[in-house]
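Here, each number is a calculation from the coordinates, and none is a lab measurement. Just so you know, these numbers come straight off a predicted model, no measurement behind them. Glycine gets a Cβ as well: all are built from the backbone with ideal geometry, and neighbour counts include every protein chain shown.
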């Protein structure tokens, strides 16, 4: 891993700092929403809008980077995010809910550009081993976000005595994003791959019908969707409904984010051994165990264990689906397939995050978990069917090659 190209190290660090905004919003967006929203059911709307921003910017992010290059694209995104953090700080300071929602949307759009970082890392890697090590490094670097985001949220809550709660959190975020922008200057833009002029590869519909694409995009989509549903509801359920402290909620979210990235070393090794299908089912198994624990009680430790398993399951699903997406497209099809994948993935996540507040206040924590277990079982069945279909297609191809 130490021999990875400099660009991979730089982009991993930039991603880690950039994702600090997302982990911070996981903790405080719902808490701010609970204070500023017109109705209690809209408390989770700000974080839902973060995800909507991520989904809506997924296609523009890929297309912009295709036109201006990876480095310029990320530079534009980070500059926008700094402005969004300033806007959010101002909105919180004056108690304007809808202005805060706008800032949350722009921070979400930045996350879409940051998500492109995993594809940038794959492009800078040479061979399967470097690709696996690069993804592992990126996710391990994102452990920084597990500490950074909740720290900014908790420490910045009362940073300025004369201002509203959490204004200081967004001022700290401005500093962190500025640091990411400075780090990005060390990234060297790669030459664009040579492709046949005017060639865009196969029609998109032909690509997305493949079992290889459906397995990758579906696993990432349901992985993100289930995680967003439970994770978005957790701080509000803990603090607003159960009366647990903000520090307890921060501890649970921090443990969750650590669990999202810490298993990356193991996941990377298992991917090298060709165990991607087993990892996908292992991720879904983690989700089912998570639901069982979440059903059993609402003490701090119930939330803690549930969110740790949620993070582990997401890691298995996300790393594996990212690695497998490349099997579904050729180099000239890369940008449109990545854009389509991210739009689908973050679209599901946006719907889940948007639904979290309504489900929580209407049906309680049990209602949220019931939907999560239904989604997990549904995708488990779909994944099994798609895996069998993919193996059948591969077997037919082998027989055709032999004849």
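Tabulated results
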| quantity | calculated |
| --- | --- |
| When the convex hull of its Cα atoms is projected in every direction, mean area for segment 193-352 (nm²) | 10.6 nm² |
| Rg to Rh, two decimals, where segment 262-403 supplies the alpha carbon set and Rh follows Kirkwood | 1.04 |
| Computed P(r) (all Cα pairs; segment 332-384; 10 Å bins; percent) | 22, 37, 29, 11, 2 |
| Computed Kirkwood radius, in angstrom, where 1/r is averaged over Cα pairs of segment 54-127 | 13.0 Å |
| Estimated 222 nm signal from helices in the chain, with DSSP H stretches of n ≥ 4 weighted -39500 (n - 2.57), rounded to 500 | -27500 deg cm²/dmol |
| Taking N as its residue count, the alpha carbon Rg of segment 56-95 over 2.2 N^0.38 Å | 1.47 |
| Segment 345-388 versus segment 60-126: alpha-carbon centroid distance in Å | 26 Å |
| Two-decimal log10 I(q)/I(0) for segment 262-301, as the Debye equation yields it once each C-alpha is a single scatterer, q = 0.15 Å⁻¹ | -0.48 |
| Helix axis angle, 276-296 relative to the chain longest principal axis, alpha carbon, degrees | 20 degrees |
| Projected-area average for the chain over all orientations - Cα convex hull basis, square nanometres | 19.2 nm² |
| Tilt relative to the chain, helix 143-155 - C-alpha long axis, 0 to 90 degrees, to 10 | 20 degrees |
| Listed peptides 143-150, 28-35 by packing density, highest first (mean Cβ within 10 Å) | 28-35, 143-150 |
| Simple label model, 7 Å out from Cα along Cβ direction - residue 94 to residue 6, nm | 4.5 nm |
| Full-stretch length increase - residue 159, residue 332 - with 0.36 nm per residue and alpha-carbon distance subtracted | 57.4 nm |
| Folded to 0 to 90 degrees: helix 45-68 orientation relative to the chain principal axis, Cα | 40 degrees |
| Nearest-0.05 FRET efficiency for residue 35 and residue 129, computed from C-beta distance (R0 56 Å) | 0.70 |
| Overall form of segment 26-159 per C-alpha gyration tensor (a/c, 1.5; a/b vs b/c) | prolate |
| Cα convex hull volume per residue for segment 289-333 (Å³) | 74 Å³ |
| Overall dimensions of segment 166-270 by Cα: Rg and Dmax, Å | 20.8, 61 |
| Most to least packed among 98-107, 43-52, 8-17 [average Cβ atoms within 10 Å] | 43-52, 8-17, 98-107 |
| Evaluated over segment 2-61, the Cα radius of gyration and Dmax, each in Å | 15.9, 53 |
| Rel. contact order, % - alpha carbon contacts under 8 angstrom, at least six apart, segment 157-313 | 20 percent |
| Translational D in µm²/s for segment 87-145 (Stokes-Einstein at 20 °C, 1.002 mPa s, Kirkwood Rh from C-alpha pairs) | 158 µm²/s |
| Space enclosed by the convex hull of the alpha-carbon atoms of segment 265-340, per residue, Å³ | 106 Å³ |
| Average Cα contact separation per residue, the chain, under 8 Å, 6 or more apart, as relative contact order % | 26 percent |
